[in-house]
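Scroll down for the structure; my scribbles are underneath it.
The values are calculated or read from the model by the stated rules, or taken from the named source; none is laboratory data. Owing to the predicted nature of the structure, the values given are computational and were not obtained by experimental measurement. For neighbour counting, all protein chains shown are included, and Cβ atoms are generated from backbone atoms with ideal geometry for every residue, glycine included.
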Amino acid sequence: MPFRLAAPWVLLLLLLLPAFWLVARTRQRRPPATLIIPSARLLAGVPVTRRQRLRWIPAALRLVGIALLLGALARPQIGRASSRVPAQGIDVVIALDVSGSMDDPGLSSGSKLDGAKQAIKQFIDTRKSDRVGLVIFESQARVISPLTLDYNALDQLVDQMHNGLLPDGTAIGLGITEAINLLRSSQARSRVIILATDGENNQYEVEPETAAQIAAQLHMKLYTIGLLAQGETPQTTEIDEKNMQKWAQMTGGFYGRAQTEDDLQRIFQTISKLETSRIEQSHYTIYDDLESWLVVPGLALLAAEVALSATVFRRAP
């Protein structure tokens, strides 16, 4: 069990005890009142009594008693119970495009959506004290999971993401807006949005640039990811890389292009390194005071010193 002193500075007073001991010894050696005798030879051969040999005991009792009381004033404590306080890391919302084009082949052997889901699950598995939320969007946006530390539940929800949950389309602005709404009340030191899509915005209820501006004003960071099939180029797809880069830079994030699962995983790993929580988990311990274990014997020793000085070791004036 953990042990500590709540006021350890009090122990500095122990340095004064040697001075008290010297004073006590000096008093013991002080010559008694003068007694006129005819000759010193009359005291020769007088044995030293036991009381004289043990006259140091009252002073020793006093010093030990004072030391115990000083130890009590230092407030020794021992831990009785300990509980873990969850660390507050970063809050991340992943906004994923699940429109019909995401079912097209791409990102290695599977579809773009399959590759994105796999990378998201690996990203979630690397979290330790960071809350993660999920948003999907087509022509509309929907929250799949609020911010949570239940990574097992998040993995299951990612598996259930598929096309057709919403009317087809690509509402990037709405996807960012829903992510902002999840993060708005967050008190985390860092709030992050990761948006992945294979197309350009074609729903204008909320413009992506307007949503990015709101995120920047609220000190949220936006990372955008463009998903391309192998062999595709920005010129042969509908991805608006120029604007996606602009939206991310407005918030202090970056844009990344992924044409394979490895590309996508590297982007998520880069984001993870940039947004790694550095707040360690802390422990809260309940302590019990131990002063009484020192006060009682300390007072008892001082009482014994007073009693012995007044009786057995009483000095004549």
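What number goes with the only condition from (1) surrounded by 24 or more Cβ atoms within 10 Å (Cβ to Cβ); (2) closer than 21 Å to D263 by Cα that A229 does not pass?
Failing condition for A229: (1).
R131 - would you say it is at pLDDT 90 or above, within 24 Å of E209 (Cα to Cα) and among the basic types (K, R)?
no
Residues to consider are I225, I239, I267; find the one that is at negative phi, in contact (Cβ under 8 Å) with a residue 24 or more places away in the chain and part of a helix (DSSP H, G or I). Break it down stepwise before answering.
Details: I225 fails: part of a helix (DSSP H, G or I); I239 fails: part of a helix (DSSP H, G or I).
None of the others qualify; the one that does is I267.
Taking the conditions exactly as written (surrounded by fewer than 21 Cβ atoms within 10 Å (Cβ to Cβ), over 26 Å from V206 (Cα atoms) and at pLDDT 90 or above), does T270 satisfy them or not?
Spelling it out, T270 is indeed surrounded by fewer than 21 Cβ atoms within 10 Å (Cβ to Cβ), over 26 Å from V206 (Cα atoms) and at pLDDT 90 or above.
What's the number of the only condition in (1) in contact with a strand residue (DSSP E or B) (Cβ under 6 Å, 6 or more places away or on another chain); (2) modelled with pLDDT under 85 that P234 fails to meet?
(1)
Within the range 60-71, can you find the residues that are in contact (Cβ under 8 Å) with a residue 40 or more places away in the chain, under 19 Å from A310 (Cα atoms) and small (G, A, S)?
Correct list: G65 only.
Farther than 18 Å from D103 by Cα and not charged (D, E, K, R), is that true of A179?
The answer is yes for A179.
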